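The values are calculated or read from the model by the stated rules, or taken from the named source; none is laboratory data. Here the structure is a predicted model, which is why all the values come from computation and not from measurement. Cβ sites come from the backbone with ideal geometry, for glycine too, and all protein chains shown count toward neighbours. With ligands, DNA and RNA removed, areas are computed over all heavy atoms of the protein, side chains included. Shrake-Rupley method; radii C 1.70, N 1.55, O 1.52, S 1.80 Å.
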Amino acid sequence: MNLLFRVFLFFIFLFPTVSFAQLTSIPSPFQDKKNTIGFAGSYGEQLDKNAYFYGFSLDYGRRIKDSPFSIGTVLMWDNEIEKKEIIEENATFSVAVTVSYAITKKWSVGTGIGKGVMENGNPQKEYQWVNGDWSTGIISSYQFNLGDKVFSVSASYEYNITQKETSFSIDLGYILPF
């Protein structure tokens with residue numbers, strides 16, 4: 001079995017009892033559906049160095065009772081590219097726990113804490129388990145309802161606690177409430 005597929009399965013089975021970016025915890029806009037599963041792609045810029053990144057995320061969220069709050073977990077992958085004389089790439093898998101608040105049925109804000117767990121920043125460029133960086137951030141999201149599914153656009157300001165670096169990213173997501 002492929003290593004990336006095993007990592008994906010590990011996180012899917014590890015976090016099903018916890019609940020829902022690049023930090024994207026979005027509450028379900030549907031009153032009768034408390035859970036969400038989401039997929040998102042993102043692009044961002046490092047604000048403290050000449051680098052950018054792109055990535056994707058898979059997340060699960062659950063609204064807390066009938067409140068506007070939701071909690072969640074997310075598995076993220078991103079590839080950071082530093083623009084130097086020689087371009088350096090480093091891809092990382094991270095996990096995060098998030099909380100969000102639905103301001104309206106379409107707007108939400110949230111925050112979370114994430115941890116890098118696997119990366120390929122080694123000479124062999126092979127994925128290895130690591131004690132990676134801690135990160136946090138704030139996110140604002142707008143949702144477009146498409147029948148019983150949701151398309152979202154979000155922007156987040158992230159802070160890498162370990163490296164003391166900031167970044168800004170835009171995410172486009174597809175959410176399936178259930």
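Accessible area per residue of segment 20-177 at 1.4 Å probe, in Å²?
50 Å²
If the cut-off is a Cα-Cα distance under 17 Å, which aspartates and glutamates reach Lys65, setting aside same-chain residues fewer than 8 apart in sequence?
Lys65 reaches Asp32.
Using packing as a proxy for protection, rank 55-61, 138-144 so that the peptide with the highest average count of other Cβ atoms within 10 Å comes first.
Order by mean packing, descending: 55-61, 138-144.
Rounded, prolate or oblate: which fits segment 20-177, taking a ≥ b ≥ c as square roots of the Cα gyration tensor eigenvalues, rounded meaning a/c under 1.5, else prolate when a/b beats b/c?
prolate
Taking 22 Å as the cut-off for C-alpha to C-alpha distance, list the pairs among Lys105/Lys149; Lys84/Lys125; Lys34/Lys115; Lys49/Lys106; Lys33/Lys115; Lys106/Lys164 that go past it.
Where the Cα-Cα span goes over 22 Å, the pairs concerned are Lys34/Lys115; Lys49/Lys106; Lys33/Lys115; Lys106/Lys164.
By how many nm would the segment from Phe144 to Tyr157 lengthen if fully extended, with 0.36 nm per residue of separation less the alpha-carbon distance?
Working it through step by step, the gained length comes to 2.5 nm.
For segment 43-178, with all protein chains present and a 1.4 Å probe, just round the carbon and sulfur fraction of the accessible area to a whole percent.
Of all accessible area on segment 43-178, carbon and sulfur atoms account for 63 percent.
Label Ile87 and Lys115 with points 7 Å out from Cα along Cα→Cβ: what is the distance between them in nm?
3.3 nm
Using a cut-off of 13 Å between beta-carbons, work out the net charge of the residues near Phe56 (Lys and Arg +1, Asp and Glu -1, Phe56 not included).
-3
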